[in-house]
1. For every helix of n ≥ 4 consecutive DSSP H residues, a contribution of -39,500 (n - 2.57) applies; sum these over the chain, divide by its total residues, and give [θ] at 222 nm rounded to the nearest 500 deg cm²/dmol.
2. Take SER230 and LYS115, extend 7 Å from each Cα along the Cα→Cβ direction, and tell me the distance between the two endpoints in nm.
3. Given C-alpha coordinates of the stretch 141-221, what is the ratio Rg to Rh with the Kirkwood estimate of Rh?
4. Just order 288-294, 119-125 by mean Cβ neighbour count inside 10 Å, highest at the front, would you?
5. Taking H placed 1.01 Å from N in the peptide plane, check which residues at least 5 places from TYR180 or on another chain put their amide H under 5 Å from its amide H.
6. Can you compute log10 of I(q)/I(0) for the stretch 198-307 with the Debye formula, treating each Cα as one identical point scatterer, at q = 0.10, 0.11, 0.23 Å⁻¹?
7. Between THR196, THR96, THR247, where does the largest GNM mean-square fluctuation fall for the chain, given springs only between Cα atoms within less than 10 Å?
8. Could you order peptides 198-211, 150-163, 261-274 by the average number of other Cβ atoms within 10 Å of their residues, highest first?
Amino acid sequence: MEKILFAIFIIWPFIFSSCVENEDPHPTEIITIPETQFGQLIKEYNINKDGLVVESVVNGIDTALLVFNGRIGAKLWVGYYKKEDKSQILDWTETTKLDTIVNFYKGYGEYDNLKVEKFALGFPYKFKNSFCFLLFGRESEMISYKASSDLYFINSNSLIKKLKTISTQRYHYQQIIPWYDGIVAKLGNENFVCYTMSGDSLFTFKNGIGIKAYSAINYEECIDFGLNSSDFHKYFFRRINLQSNETIWTNDNQPLKDLPNNARLDKINIQKNDNIWVYEVNYTQFDGTKQVVKISLNINNGVFETL
């Protein structure tokens, strides 16, 4: 008879507990599932694998996905599901047992052990037929500074690459950000690594705190619409190279400067057609009137016009 057990594990406070020294002012929120819904979700998604202990469930970076993780015979199991119809698009079990005792160097000639009690996924992502996620392993509820943080890449239901770090080290995986045809992984407080979905490291760069607001042209280059500014009236366009940390061009003109002062910016959609990108800026006036501004940008030279 098939039997399934589950352990409730809320991961939000755990994931960022090792990053308290220099907190990211713009952390990516992981939307976790309330404890009261955990068992119900297991039934709704028909998760009934023999011997499986489910440890956590989290929304994917693409929030149309729900992702569970657990252990079968001490091996990691991960399931990606579509929320729309609850169909499973990834059913993967690691071939080797999870390391629950991790030896690491503390520095100054001293060593220590991490004894993992709980595992939870963070930032699960899907691109075409490839999957990646962070797996966080925590020693205990009482010890928050010690945790493992491993980056997995899966394709065709096979593990392509697994990269291991631990939170007591200077560089450890904290976040996954979709980027072009791959991802950027936040590695420590100021370091970011660009990966393909096969787990190949392309380059490392610093100070990528605003990368979620950038629009990728390719792996190296992107357009910044000044979204790090708290005042959208001051938004401006620039093209930057993440790898070389160079600004290719900047247009200091502010296309949204004439919007009403009390307007609320709702969302920005981008239609990319070769070197011409059309930015559709949706905003709401204080009286509730919804408006749209369209801006055509030539990404080769930074010239734009309002349509």
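1. The per-residue figure over the chain is -1000 deg cm²/dmol.
2. According to this spin-label approximation, the distance is 4.6 nm.
3. Numbers: Rg = 13.5 Å, Rh = 13.5 Å.
My calculation puts Rg/Rh at 1.00.
4. On the way: 288-294: 11.3, 119-125: 24.1.
Peptide ranking by packing, descending: 119-125, 288-294.
5. ALA216
6. With one equal scatterer per Cα and no solvent, log10 I(q)/I(0) is -0.32, -0.38, -1.35.
7. THR96
8. 150-163, 198-211, 261-274
Since every read-out is calculated from the coordinates, none of them should be taken as a lab result. This structure is a prediction, so every number in the text was calculated from the model and none was measured. Note: ideal-geometry Cβ built from the backbone for every residue, glycine included; neighbour counts use all protein chains shown.
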